[in-house]
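**Student:** Here it is, the structure, as structure tokens.
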């Protein structure tokens, strides 16, 4: 497995490195630490810090992260990239065939704050592989919430997670959210009984469909973990997935990069993006490399 670990010296980036000491990854993974600095052509007045000094600081940051990760992966390497952070990280992941990009939810950035929605979100949107966005205090991964919806990417997410060297005692919650049709307020009163019945039929049919998907995912994971719990709650997918993780103390949420809603429009930018923005624990946005 090829890992690309991004850091900028911020607290979130440092915690992302620490999360990797707990995350289930192969012992023989090839790990590269990278940090991004702006082009040297930029005026120091724009940067706020002289470029040469910024470069020296960045060299120390990547070496510190490399040394920490080398305790688990002795052959960890490090290098510095130049350019826009989002583009540079996506290009590096593409050029070097990364299987997983790891970064913190927020950071310092070379010029301004790296908020989720800029670098982290940009990488999650465009990386050619899975992306792990870390937040919260690092800890062992003992409980995981996986969101499924019957789409191809959700199925791939289950397979990608299944093939990791999962720790003993791990409990996985497979959640398929039934998103209800909303009763139209403009509907004439005389059709209310028929419309209500149709909505209930839709919800029941969707629950049956998702029940089969959840059961298949649970069966695929059952031989790899200590326990699998299945659920098909009703609600808005990102809200329900996040709430499930919070209520059960999940240490990780796994979602596919894209999925399937009732309008075939379950893409990063809707459910996955919303989970990334609001989750209180690390989120693995899983997609096959390519």
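**Student:** Extending each Cα 7 Å along its Cβ direction at residue 216 and residue 243, get the distance between those two points in nm, one decimal.
**Tutor:** Placing both labels 7 Å beyond Cα along the Cβ direction yields 2.7 nm.
**Student:** Which part of segment 1-41 falls in the paramagnetic zone of residue 159, meaning amide N under 16 Å from the point 7 Å along Cα-to-beta-carbon?
**Tutor:** Hits in segment 1-41 for residue 159 at 16 Å: none.
**Student:** Here is a follow-up. Starting with the fewest neighbours, write out 153, 99 ranked by other beta-carbon atoms found within 10 Å of each beta-carbon.
**Tutor:** 99, 153
**Student:** Here's something else I'd like to know. Taking neighbour Cβ counts within 10 Å as the exposure measure, how do 96, 248 sort from fewest upward?
**Tutor:** Least to most surrounded, the residues fall as 96, 248.
**Student:** Length gain on complete extension for the stretch residue 227 to residue 208, per 0.36 nm per residue less the alpha carbon to alpha carbon distance? Present the calculation step by step, with values, prior to reporting the outcome.
**Tutor:** Numbers: separation 19, 0.36 × 19 = 6.84 nm, distance 2.24 nm.
So the extension gain works out to 4.6 nm.
**Student:** Please find the FRET efficiency linking residue 270 to residue 21, where r is the Cβ-Cβ separation and R0 is fixed at 30 Å, and quote it to the nearest 0.05. It would help to have the intermediate numbers written out before the result.
**Tutor:** Working: r = 33 Å, r/R0 = 1.08.
For residue 270 and residue 21, the calculated efficiency is 0.40.
**Student:** On to the next question. Test of understanding: ordering 283, 17 by Cβ neighbours within 10 Å, fewest first, what list do you get?
**Tutor:** 17, 283
**Student:** Follow-up question, since we're still on this one. Given labels modelled 7 Å from the Cα in the Cβ direction, how far is it in nm from residue 142 to residue 94?
**Tutor:** Each label point is offset 7 Å from its Cα along the Cβ direction, giving 4.2 nm.
**Student:** So how much slack lies between residue 201 and residue 87, counting 0.36 nm per residue of separation and subtracting their Cα-Cα distance, in nm?
**Tutor:** Difference between extended and current length: 36.4 nm.
Since every read-out is calculated from the coordinates, none of them should be taken as a lab result. All figures in this text were calculated on a predicted structure; none of them were measured in a lab. Every residue, glycine among them, receives a Cβ derived from its backbone with ideal geometry; neighbour counts consider all protein chains shown.
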